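K.L.:
Have a look at this one before I ask anything.
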Amino acid sequence: MERTAGRELALAPLQDWGQETEDGAVYSVSLRRQRSQRWSPGQGPGGGEVPRPAACDAFLHYRTSKVRALRAARLERLVRELVSGDRAQDPGFVPAFLATHRAFVPTARVLALLLPPPPPPLPPGVEIKKTEGRDLSFNQNLRAVVSVLGSWLRDHPQDFRDPPAHSDLSSVRTFLGWAAPLGAEAREAEKLLGQLLEEAEHAQEEEAQPQARAGPPGAAQTPCAGCPEGCSQEEEGLVQEGPELLDFGVDEVAEQLTLLDVELFSRVRPCECLGSVWSQRDRPGAAGVAPTVRATVTQFNTVTGCVLGSVLGPPGLAAPQRAQRLEKWIRIAQRCRELRNFSSLRAILSALQSNPIYRLKRSWGAVSREPLSTFRKLSQIFSDENNHLSCREILSQEEATEGPQEEDTPLGSLPSKLPPGPVPYLGTFLTDLIMLDTALPDMLEGDLINFEKRRKEWEILARIQQLQRRCRSYCLSPHPPVLAALRAQRQLSEEQRKLSREKGSSPGGSPGDPSSPTSSLSPGSPPSSPRSKDPPPGSPPASPGPQVPSTKLPLSPDLPGPRPLALSLSGPCIPLLGQQGSEARVIRVSIDNDHGNLYRSILLTSQDKAPSVVQRALQKHNVAQPWAHDYQLFQVLPGDRELLIPDNANVFYAMSPAAPGDFMLRRKGGARHTNSVSPT
């Protein structure tokens, strides 16, 4: 016990103590210090007249209590904890379970364990006696189940979306029909069923009338968000009718981009961001996985494509004309920053830093000094050198300026003095979640579900939900002409981008060659002189942004971005993609086949030999592991080269530490890359 008179001691409110096991479940144990005020004998409120200030006789007691949090258990024990757990001791268990359960168990299985069977019908004339201990306990259990279902229906309604019958929701409605027929939970279930049926009806109407998609503007019908095919105008000679996007003012364009990003981000279902869910997006037959995240990806690609198309698309533009377009996009990016829209800001910067635009040496040389300075400052937000640490710090500062906000704040009721947003770059959170999914196991010894992993995932998902609530404070109205221009902006194909790059290349070097004068200019660090034709010495080449075809998803968790996370229950941090650590790093491995460049992240340690890396990579790609001996491992090097990793080599030490951590599996005996090299 600690005590002091008149002031508090600087004591840690919570201290880790260890862990303990009970009934096959593992709990983490902490000690919590709670303050309680006491009064000296004969003094205090209600103890008669106080002759002198009570503060002189008051002193503080600190009571220490043990706090337990479930760390790992079997599924049945986890579900039982939903009902019988102490929410005062572990308030984060229920929201963490409901937000992440789909990563390790279907909703139907949870409901089968959670919902008790209905009581047997009573004979006529028999009344229910609620005074018996068994019945009282049963009623308490019912109330706990109803409370969990209420949180579930309110916070994660899409878990019950299972067309056409919505059988999981039917089970919930049946239970609430006899357990709490007049409660708010039963009304919420009926309301959700109506919404799901209405969605199905709208989907049928859209399938019957596909032309209706191009009708009135708005977030739900904006082709940039949900209709990538409507934005991919790659036909040769296509002429855009009406004003171009850059014909509008900087504020107009930035505000409409923010409007689209706000509405798309607000509709993101956090559970779709889980690494185990998002990593399945490119599997065969997984086109419907994570649709709300895919919508943000499509919008991100659209903005990037608009920048590329407006700068590179018009034929015959002179360097000063392209410079004007670059300057305007820089001003739009700056306005997005002022609007606290980090999503479109990242998309615009990615396009300006991409290879097709980055090698426009004469155009960048014609850009004025002030826009170049602005561009340099904006580029530092997403700098790869500090793993986007600046972006994370800025985002945290932007959140802090709003102050606290209640979860149930109705839309449109926020005080107008609070700044809106921010809208984050979702790729940062996707990266964090992929890293957690890669580094932490799903199961622990004894077939226990690693719920500590789910808690860490929930911390990130809760941040996303908090940002979604803060985005309610934006007050932007759609401007149809700008949205129409955004929809009509020509998108360049990969061939057209390559052709534009070839036409604009200066003599003396090839694009992408760091040694050539043409490619040594980095838009992220442009020339110091507005008319300078030579790049600053030591300027590194720009990192290409998300500029792949629309069938691929550039906003992926494999993009570099987050600072290292504490990815283990105890111990050091795990290095991120491309970062060499003392004992481990995360690498990306793809398979050389007809399915495109689909990368999977795995953790590489200093003890891993090539066969084990190949086996784990095949497992990540859902390829039969007995075929591991049929594959060879190559590291992808800059300059379109590859490094062959010998079959029995230690991959950690055989790889090139200076190159990105990208690898490829290729069948033995297949066509070998012409620029393949072997380690010396």
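K.L.:
Collect residues whose amide H, placed 1.01 Å from N in the peptide plane, falls under 5 Å from the amide H of residue 604; neighbours closer than 5 in sequence don't count.
P.N.:
Hits under the 5 Å cutoff: 585, 586, 587.
K.L.:
Quick query: amide H of residue 17 versus all other amide H atoms, modeled in the peptide plane; which residues come in under 5 Å with a sequence gap of 5 or more or a different chain?
P.N.:
Here 29, 30, 31 satisfy the definition.
K.L.:
Considering only protein heavy atoms and a probe of 1.4 Å, how much of the accessible area of the stretch 280-369 is carbon and sulfur, as a whole percent?
P.N.:
Ligands and nucleic acids excluded, carbon and sulfur reach 49 percent.
K.L.:
For the stretch 273-313, place one equal point scatterer on every Cα, skip the solvent, and apply the Debye formula. What is log10 of I(q)/I(0) at q = 0.34 Å⁻¹?
P.N.:
-1.08
K.L.:
Please give the peptides 474-482, 336-344 ranked by average Cβ packing (other Cβ atoms within 10 Å per residue), highest first, as a rough proxy for protection. Before the final figure, lay out the partial values.
P.N.:
On the way: 474-482: 14.8, 336-344: 23.9.
Peptide ranking by packing, descending: 336-344, 474-482.
K.L.:
Listed highest first by mean packing, meaning other Cβ atoms within 10 Å per residue, what order do 435-444, 175-184 come in? Could you put the intermediate results ahead of the total?
P.N.:
Numbers: 435-444: 18.3, 175-184: 15.6.
Final packing ranking: 435-444, 175-184.
K.L.:
In addition: Order 149-160, 359-370, 87-98, 295-306 from most to least packed using the mean count of other Cβ atoms within 10 Å. Could you put the intermediate results ahead of the total?
P.N.:
On the way: 149-160: 18.9, 359-370: 20.5, 87-98: 16.7, 295-306: 25.7.
So the peptides 149-160, 359-370, 87-98, 295-306, ranked by packing, come out 295-306, 359-370, 149-160, 87-98.
The values are calculated or read from the model by the stated rules, or taken from the named source; none is laboratory data. Since we're looking at a predicted model, the values are computed, not measured. In this analysis, Cβ positions are derived from the backbone assuming ideal geometry, glycine residues included, and neighbour counts consider all displayed protein chains. SASA here: full protein model, heavy atoms, side chains in, ligands and nucleic acids out. Shrake-Rupley method; radii C 1.70, N 1.55, O 1.52, S 1.80 Å.
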